[in-house]
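Trainee: Below are the structure tokens for one structure; questions will follow.
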């Protein structure tokens, strides 16, 4: 099966891929071209919320593909309507615009906020974002992000995104002025190393934005859809944002994203926003299947329990190896290492035999864990045991 890798030169080199081609997956497991199995604690960067190829999603896609795939976003379709109502019925938002990626949803949020500012705040357009944030890879969302080096990669940046310090309400207040239309943040900064926003900070931020007639946008591309044990991470703080973006978990593995907003913010007019594939029934059918699973009475409580179990096991591992502890919420967690060994550990985990392990090191000094939301305790134990042996070999 090595022939599977022939012809890879036809692909643009946008990341350093190992000589592995995955041919199949089920739940928390992947299988490569040689039949080697891998325990997956990345899940497409928190995308496969129900694991690989869950029956609920594969059946929904197959059934919908036999009926209708893409009639054009210029017309209503049944899965689009059903998913929109499932989202609004279970959130503080009133309307939904479907997109394909998190970057596209965030771009839509930027557009919506700026138009609202033009109509309601004398042309205000600046959106305060945060250092080390990550909002996508379009020119506007890269400009909104606070990722090191992105300010020069495709310079000049799109203007209008002053950066505050995460969890520092005074730094936000200092940036608010007559041009400010919104503040946008991730409830947990994933790419920065799983840094949660303090609940008190989120509440103070909601108060500050309301006092200044500034919109609050939560980027829940990674934290939404049950990842933190709530359907949406903003629920932990009890606030009601004005705009929210979703992607990753909402499709359970297929390209689907959403921009949600309160009724009074929805100022798009026909022609302002669109997209050829947006809201197509095939992807929305997958989203409906995901939502139905997450809304089952025992599902989110199980995420809370598994998250606590993973947290406990990671802390035990940290204590055993005298590391710097773990953090996170639900099943989005990080283990802080002593030094910049994260990338090396992730590489060793991938190539180990007979069973590989997929881990992510968003920062050199830590590992991030984003397993399927239905991961088992036995799979968590296996991951911990593998990681324990890798850390032991690093010490030796």
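The values are calculated or read from the model by the stated rules, or taken from the named source; none is laboratory data. Here the structure is a predicted model, which means the values were calculated and not measured. Methodologically, a virtual Cβ is constructed for each residue, glycine included, from the backbone with ideal geometry; neighbour enumeration extends over all protein chains shown.
Trainee: So is residue 172 farther than 16 Å from residue 245 by Cα, at pLDDT 95 or above, in contact with a helix residue (DSSP H, G or I) (Cβ under 8 Å, 6 or more places away or on another chain) and not assigned by TED's automatic domain parsing to the domain that holds residue 369 or not?
Mentor: yes
Trainee: Check segment 329-337 and report whether any residue there is farther than 22 Å from residue 224 by Cα, in contact with a strand residue (DSSP E or B) (Cβ under 6 Å, 6 or more places away or on another chain) and surrounded by fewer than 18 Cβ atoms within 10 Å (Cβ to Cβ).
Mentor: No: zero hits.
Trainee: Next question. For segment 325-339, give me the residue count where each residue is over 15 Å from the mean Cα position of the chain (by Cα), modelled with pLDDT of 95 or more, assigned to a loop (DSSP other than H, G, I, E, B) and over 13 Å from residue 387 (Cβ atoms).
Mentor: 1
Each row is one residue, and each column tells you yes or no for (1) touching a helix residue (DSSP H, G or I) at 6+ places or on another chain (Cβ under 6 Å); (2) closer than 24 Å to residue 114 by Cα; (3) in the same structural domain as residue 115 (by TED's automatic domain parsing).
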| site | (1), (2), (3) |
| --- | --- |
| 195 | no, no, yes |
| 202 | yes, yes, yes |
| 205 | no, yes, yes |
| 214 | no, yes, yes |
| 222 | yes, yes, yes |
| 240 | no, yes, yes |
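Trainee: Here is a follow-up. Looking at the structure I just gave you, is residue 354 more than 19 Å from residue 227 (Cβ to Cβ), in contact (Cβ under 8 Å) with a residue 12 or more places away in the chain and under 21 Å from the mean Cα position of the chain (by Cα)?
Mentor: No: the conditions fail for residue 354.
Trainee: Also, quick follow-up: Check segment 11-19 and report whether any residue there is touching a residue at least 24 places away in the same chain (Cβ under 8 Å) and in contact with a strand residue (DSSP E or B) (Cβ under 7 Å, 6 or more places away or on another chain).
Mentor: No: segment 11-19 contains no residue that is touching a residue at least 24 places away in the same chain (Cβ under 8 Å) and in contact with a strand residue (DSSP E or B) (Cβ under 7 Å, 6 or more places away or on another chain).
Trainee: Scanning segment 356-380 for residues that are assigned to a helix (DSSP H, G or I) and touching a helix residue (DSSP H, G or I) at 6+ places or on another chain (Cβ under 7 Å), which turns out nearest to residue 28 (Cα to Cα)?
Mentor: 380
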